[in-house]
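The structure appears right after this line, and notes come after that.
The values are calculated or read from the model by the stated rules, or taken from the named source; none is laboratory data. The structure displayed is predicted, hence computed values, not measured ones. Glycine gets a Cβ as well: all are built from the backbone with ideal geometry, and neighbour counts include every protein chain shown.
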Amino acid sequence: MKLDSTTACALIAVAAPAAIGQNTTMWIDSAASNWEWDASALGASAVPLINNDFDLYGPLYLDLGMNASGNVSSGQFIDSEISIFPDIQGFFPNPIPGAPNLVDFHIEHVELSAQSFPLDFGDPATSDGSFQGDSVYVFTSGIIHLTILGGFPYDIDLTGEATNSQVVFGQFTVQPNGTIHLDSFQSHNAVVTEPSTGITFTVDLWGDVVADSITTQQAICFGDGTGTTCPCGNFGGSGEGCMNGTLQGAVLSASGSTSVGDGDLVLNGSQLVPGQPGLYFQGNNAVNGGMGVTFGDGLRCAGGGVVRLQVRAADASGSSSTTIDVGVEGGVTAGGSKVYQLWYRDPQSSMCSTTFNLTNGMQIFWLP
């Protein structure tokens, strides 16, 4: 297969994730990001099997900078894990009545990495977030199934290939709540040559990319007085759960990525009661709007569809960590948010005499 991507190759080298940091994750609004496709070959346009539209799904990874006015004034698309649905399917009809289609095609399992040179925002000091710049989509997976004249199947692996470099336009807008909104109309194309037959196909993709920034890991629901009052006034320190018998509040944190595929997220408990067991659990939502409700000596922060993940005993320093694949154990899917917490024993020194307490909560947005 041949893909006309000389410019794209240079662009990919500049935009490689290993070379430039990533500071913003944005999740694509699939309902607002409607795209269309067209394909041509053999001097004709393809006929869609069903229709010629599709949606985008997944996260974008960017490196963005702000100016003194609080607007995005510099940036670059670093990577993405964009999937498309439904699959692209169509055919090139045979001009001979009753004869098999010249070509039937089915493009499936497509995942794209959006990459760009540093985008042009004009004068950074006066930027309103509007930009333009060269961009490509790199195929991290994808297969084109071709059937020639109804009986000769061929498969083309798109992995590692790229669309031709195109100038894209759009705007990043900072919302009142601090999140960043992206709206960018884009058009991309690729030229693919099937090596056995020499047939060259041009595929055009165009539509809006609409996305909003997200926080993939966020500590919530503290027993430090910023949320619901601790059961017996046993407030912990800033960012902690309610105070336990060690005279401090226990803390839940997370390490590793929030990628379902990577499976390396670890939940960590600290400032626990040494030697005592604790249950790591998952909920669908944050209780009481993230303020929590009293439960034992602490606040319950995670609720709704509760899943028991793992029981772990705190070591001599009052720490424990999960050793499981949290995403698999919790049955999570990419694009979903879950809340996590650690419920632990405090039998001898319970501040409110209930013999158990809880950490703060952690809200996790799961990526592919």
Could you grab me the full set of residues in region 130-156 that are free of Cβ contacts under 8 Å to residues at least 60 places away in the same chain and among the charged types (D, E, K, R)? Asp155
Among Ile220, Ile214, Ile180, which is in contact (Cβ under 8 Å) with a residue 24 or more places away in the chain, β-branched (Val, Ile, Thr) and out of contact with any Phe, Trp or Tyr (no Cβ under 6 Å at 6 or more places or on another chain)? Ile220
Yes or no: Asp315 out of contact with any strand residue (DSSP E or B) (no Cβ under 7 Å at 6 or more places or on another chain) and not small (Gly, Ala, Ser)? yes
Residue check, Asp262 against (1) touching a residue at least 24 places away in the same chain (Cβ under 8 Å); (2) closer than 27 Å to Gly58 by Cβ; (3) part of a loop (DSSP other than H, G, I, E, B); (4) among the acidic types (Asp, Glu), all met but one. Which one? (1)
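Residues are listed down the side, and each one gets a yes or a no for (1) out of contact with any strand residue (DSSP E or B) (no Cβ under 6 Å at 6 or more places or on another chain); (2) part of a loop (DSSP other than H, G, I, E, B); (3) of a type outside the set (Asp, Glu):
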{"residue": "Phe91", "(1), (2), (3)": "no, no, yes"}
{"residue": "Pro95", "(1), (2), (3)": "yes, yes, yes"}
{"residue": "Gly98", "(1), (2), (3)": "yes, yes, yes"}
{"residue": "Phe105", "(1), (2), (3)": "no, no, yes"}
{"residue": "Ser113", "(1), (2), (3)": "no, no, yes"}
{"residue": "Ala125", "(1), (2), (3)": "yes, no, yes"}
{"residue": "Asp128", "(1), (2), (3)": "yes, yes, no"}
{"residue": "Gln132", "(1), (2), (3)": "no, no, yes"}
{"residue": "Val138", "(1), (2), (3)": "no, no, yes"}
Specify the residue that is modelled with the lowest pLDDT; the eligible residues are those in region 16-60 that are over 16 Å from Gly90 (Cα atoms), among the polar types (S, T, N, Q) and part of a loop (DSSP other than H, G, I, E, B). Gln22
Does Leu267 qualify as being part of a strand (DSSP E or B), among the aliphatic types (A, V, I, L, M) and surrounded by 21 or more Cβ atoms within 10 Å (Cβ to Cβ)? yes
Looking only at region 343-368, filter to residues that are of a type in the set (S, T, N, Q) and assigned to a loop (DSSP other than H, G, I, E, B); which one of those is nearest to the chain's Cα centre (by Cα)? Asn360
Any idea which residue in region 147-168 is farthest from Ile96 (Cα to Cα), counting only those that are surrounded by fewer than 17 Cβ atoms within 10 Å (Cβ to Cβ) and under 22 Å from the mean Cα position of the chain (by Cα)? Gly160
